[in-house]
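Beneath this line is the structure, given in structure tokens, with notes to follow.
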Amino acid sequence: MRRASARHRDVRAAWYDRQGPAREVLQVGELPAPEPGPGEVRVRITRSGVNPGDTKKRRGWLGSAMAFPRVIPHSDGAGTVDAAGDGVDAGRVGERVWVFGAQSYRPFGTAAELTVVPSVQAVALPDGVGDDLGACLGIPGITAHRAVFGDGPVDGRTVLVQGVLGGVGALAAQLARWGGATVIGTVRASSDLERVGPGSVAHPVALDDTDPVAAIRAHAPDGVDRVVEVAFSDNVELDAAVASIGATIAAYASRGERPELPFWPMLFDNLTIRLLGSDDFPAAAKQQAASDLTAAARDGALSIPVGAVVPLDGVAEAHELVDRGVDGRVLVALDATAAWR
């Protein structure tokens, strides 16, 4: 193994060894430092991104069990490559990177000073792109990319993003705009319309409008080509009513577990329903998403509001903020200058 520094014996980290409420199960202390194996890199984390999927795993959502005896949570992060395993270019040591999938089928996530991931899951951060943004790209960014581009380019097409103020929705709108699409974005209430960024959303629509179908159709008389859907069971009737013939509805969440569909209208319009589970996207799709997300960030096309940055000792509160649905992304800071904000 090639490394730039001496072997680390212990690192500060957060972990849980049983599922439950954040303040009851999350612990913070020291653990043995992970060592990169063949094809892996070790990353010194500065920012760890907290996603709803991380808190769902911690609390056993839908009856999920502990995948490992101990879990260091969080899949997303940003930092600097600290060491490279066999088969990895030693020149990567010292490279600023953003990380995805650290805790996807693996026990050691980014809620630690050091983490280890396959080299392809540590993506070089362009100059001028900060660690805060980098730590926000993983799960929401790759999901958004798959929702927007999973059925091909969107240049010249119209994309409807449901829940455009959410973590995935905001990135989907920005990626679609970056890809050349006209974006229609929805919010739940008219009072939220002023929060929609005009840079990515050409036409914001409130779902509490007296006729949201007509409001969307006013901007897309022939229907929308892609729908990015955060609440499939709630919105499927509307989606079917505004979709063009041959459109795709790409859903990554649903409030109801067994949604009813307007089958015949969707059949006659030859609609495709694409369901998105981020941990199990094809490897090639993840790599394309990582490449495009990095390019979009380099181009200045991505802006992600951060709602809170907390030090590692505050990891339980970070999980609670995510579960409460705080506006903006929640990050855990691992560097020595971390402060609540």
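Coordinate-derived values only; no laboratory data. All values derive from a computational prediction rather than experimental measurement. Neighbour counts run over all protein chains shown; Cβ positions are idealised from the backbone, glycine included.
Mind checking whether some residue in the range 239-251 is within 30 Å of residue 102 (Cα to Cα) and among the acidic types (Asp, Glu)? Checking the range 239-251: not a single residue is within 30 Å of residue 102 (Cα to Cα) and among the acidic types (Asp, Glu). In the set (1) of a type in the set (Gly, Ala, Ser); (2) farther than 24 Å from residue 247 by Cβ; (3) in contact with a strand residue (DSSP E or B) (Cβ under 6 Å, 6 or more places away or on another chain), residue 199 fails one condition alone, (3). If you check 256, 246 for being at positive phi, free of Cβ contacts under 8 Å to residues at least 40 places away in the same chain and out of contact with any Asp or Glu (no Cβ under 7 Å at 6 or more places or on another chain), only one passes: 246. Annotation note: of 83, 78, the sole residue that is crowded, with 23+ Cβ neighbours inside 10 Å and within 21 Å of the chain's Cα centre (by Cα) is 78.
Among the residues making up the range 98-113, those that are crowded, with 24+ Cβ neighbours inside 10 Å and assigned to a strand (DSSP E or B) are 98, 99, 112. Residues that are among the hydroxyl-bearing types (Ser, Thr, Tyr) and surrounded by 12 or more Cβ atoms within 10 Å (Cβ to Cβ) occur in the range 257-280; there is at least one. A count restricted to the range 173-207 and to residues that are within 22 Å of residue 232 (Cβ to Cβ) and either aromatic (Phe, Trp, Tyr) or exposed (fewer than 12 other Cβ atoms within 10 Å of the Cβ) (or both) stands at 1. Restricting attention to the range 133-170, the residues that are over 17 Å from residue 287 (Cα atoms) and of a type in the set (A, V, I, L, M) add up to 9. As a summary of the residue check, residue 81 satisfies the conditions (1) assigned to a strand (DSSP E or B); (2) among the aliphatic types (A, V, I, L, M); (3) closer than 24 Å to residue 308 by Cα except for the one numbered (3).
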